[in-house]
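Take a look at the structure set out below.
The values are calculated or read from the model by the stated rules, or taken from the named source; none is laboratory data. This structure is a prediction, so every number in the text was calculated from the model and none was measured. Neighbour counts are summed over all protein chains in view; Cβ atoms, including those assigned to glycine, are modelled from backbone coordinates with ideal geometry.
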Amino acid sequence: MYLKTDRLILRNWQTKDYNDLYEFASDDEVTKFLTFKTYKTKQEAIDRINTFLETQNDNDNIGDFAIELKSENKVIGSLHISFKDVAGGTVSLGWLLNKNYQGKGYMTEIVNAVLKYLKKNNIAKRIVAICDVENIKSANVMKRVGMTFEGISRKARDNNLHTRHDVANYSILYEEIKD
């Protein structure tokens, strides 16, 4: 997948991106709500990018993608897209953004672009995303892109803050995505 917005590019990871990935994946503030451990070494970022490169899917509709800020030629985040139920047409989204670039509308911009791409290419009838109930920033992105809050799954996942946490569930349907 390759998408451009006014300020961003969503693209496959490249080996040269490891410093940018390490910058935000080694930040406890950024990773506190995530299921993977905060990176302690740059080698972890290199290894993760190598995994991304090894597992890139030929159809480019499933996988982990780098979010590049055009003006700085810098990767500022990551977006994961995966099919939960291929027959039912459900796609799951998840994201991560460098804290120095939060609050500027970047994640809303790129998620909106992905939703339009999914609709235009008739890839999904339902798109879902989840977040820790304490992760207000991610929940706000979901709301801004038109997702509907569906409820809370109690003690559904682990994260870097505590052993189990409640998860807020959001979704948007194909016909609800703005063109």
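Summary table
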quantity: Cβ-Cβ under 8 Å pairs, at least 6 apart or on other chains, segment 7-28 side closer than 14 Å to PHE52 by Cα, far side polar (S, T, N, Q); calculated: ASN12/GLN56; THR15/ASN50; LEU21/SER78
quantity: Matching residues in segment 133-167 - criterion: being touching a Ser or Thr at 6+ places or on another chain (Cβ under 8 Å) and either outside any loop (DSSP other than H, G, I, E, B) or of a type in the set (D, E, K, R) (or both); calculated: VAL141, ARG144, THR148, GLU150, ARG157, ASP158, ASP166, VAL167
quantity: Those residues of segment 45-66 which are modelled with pLDDT of 85 or more and of a type in the set (S, T, N, Q), in sequence order; calculated: ASN50, THR51
quantity: Hey, GLN102 modelled with pLDDT of 95 or more and polar (S, T, N, Q) or not; calculated: yes
quantity: In segment 129-149, the residues that are modelled with pLDDT under 95 and either over 24 Å from SER26 (Cα atoms) or touching a His at 6+ places or on another chain (Cβ under 8 Å) (or both); calculated: ASP132, VAL133, GLU134
quantity: Any hit, segment 138-149, residues being surrounded by fewer than 16 Cβ atoms within 10 Å (Cβ to Cβ), free of Cβ contacts under 8 Å to residues at least 24 places away in the same chain and at positive phi; calculated: no
quantity: Residues located in segment 85-125, provided they are assigned to a helix (DSSP H, G or I) and farther than 21 Å from ASP6 by Cβ; calculated: LYS99
quantity: ARG126, sole failed condition from (1) at pLDDT below 95; (2) out of contact with any helix residue (DSSP H, G or I) (no Cβ under 8 Å at 6 or more places or on another chain); (3) more than 27 Å from GLN14 (Cα to Cα); calculated: (2)
quantity: Helices (runs of 4 or more DSSP H) fully within segment 1-76 counting 3 or more residues that are buried (at least 16 other Cβ atoms within 10 Å of the Cβ) and touching a helix residue (DSSP H, G or I) at 6+ places or on another chain (Cβ under 8 Å); calculated: 18-25, 42-54
